[in-house]
Amino acid sequence: MTIRPASAADAEAIWQIFKAVVAGGDTYVFAPDTPRQVALDYFLGANVHSWVAEVDGGVVGMYKLISNRRDLGSHVANASFMVAPSAHGRGIGRAMGEHCLDEARRAGYQAMQFNFVVSTNKGAVHLWQELGFTILATQPKAFNHSTLGYVDAYVMHRFL
Ligand SMILES: CC(C)(COP(=O)(O)OP(=O)(O)OC[C@H]1O[C@@H](n2cnc3c(N)ncnc32)[C@H](O)[C@@H]1OP(=O)(O)O)[C@@H](O)C(=O)NCCC(=O)NCCS
């Protein structure tokens with residue numbers, strides 16, 4: 001697996017992964033019918049730094065790294081991750097998570113915060129805890145899960 005900066009040439013691959021992930025309605029607040037341009041703005045928009053993970057020359061996942069807040073809150077990073085459902089559970093999320101922490105340190109961020117980790121997203125919660133994040137807060141019933149209804153979402157954080 002290689003992880004490299006995303007470019008405009010990755011737009012279609014990013015869109016296909018985005019679409020497949022949000023179709024589940026179980027991990028992100030994006031509706032399953034979110035338009036392509038919204039997805040591309042999210043991962044390839046201005047001031048967004050994104051990377052893609054490739055296996056055998058094909059993109060299997062991506063993440064973005066941004067400031068969590070503007071100006072006086074900009075020393076804290078925020079990131080979002082998506083792995084193609086067909087490639088889950090093969091270490092791609094972990095590799096991107098570690099890569100992201102390195103990139104955030106390199107960019108001078110002091111901490112990383114995830115604002116909205118769905119509490120029932122066991123794989124993600126487990127992975128972020130393994131990578132040193134703690135749950136700072138629980139947002140009660142903040143996510144309308146496609147099959148479970150209203151479930152909690154976590155704010156997760158670690159210093160870098
Ligand atoms: C969450 C996500 C990024 C993880 O990526 P991945 O490539 O599937 O995960 P990995 O193969 O790197 O596994 C990471 C760890 O999570 C564990 N894990 C994966 N799925 C799990 C599950 N359903 N329950 C518990 N643990 C799970 C793995 O065992 C592994 O732990 P280990 O290294 O201690 O064995 C990926 O599944 C994904 O894109 N999901 C949909 C979008 C999403 O949830 N993004 C994150 C939003 S906060």
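Number of residues in region 37-68 that are charged (D, E, K, R), outside any helix (DSSP H, G or I) and farther than 20 Å from HIS88 by Cα: the value is 0. Checking each residue in region 55-64 for being of a type outside the set (Lys, Arg) and within 14 Å of the ligand (Cβ to nearest atom) picks out VAL55, VAL59, VAL60, GLY61, MET62, TYR63.
Among the listed residues THR27, THR34, which satisfies the condition of being assigned to a loop (DSSP other than H, G, I, E, B) and farther than 19 Å from ALA124 by Cα? After applying the criteria, what remains is THR34. Taking region 31-48 as the range and being surrounded by fewer than 17 Cβ atoms within 10 Å (Cβ to Cβ) and closer than 22 Å to CYS100 by Cα as the test, the residues that pass are ASP41, GLY45, ALA46, ASN47, VAL48.
Out of the residues in region 115-134 that are closer than 21 Å to HIS99 by Cβ and in a helix (DSSP H, G or I), which is farthest from the ligand (Cβ to nearest atom)? Per the stated criteria, the residue is GLN129. Could you list all residues from region 73-114 that are away from the ligand (no atom under 12 Å from the Cβ), in contact (Cβ under 8 Å) with a residue 12 or more places away in the chain and either of a type in the set (Gly, Ala, Ser) or not in a strand (DSSP E or B) (or both)? Within region 73-114, HIS75, ALA77, LEU101, GLU103, ALA104, ARG105, ALA107, GLY108, TYR109, GLN110, ALA111 meet the criteria.
No value in this document is a laboratory result; all are computed from the given coordinates. Just so we're clear, the structure is a prediction, and the values are computed from it rather than from any experiment. Glycine gets a Cβ as well: all are built from the backbone with ideal geometry, and neighbour counts include every protein chain shown.
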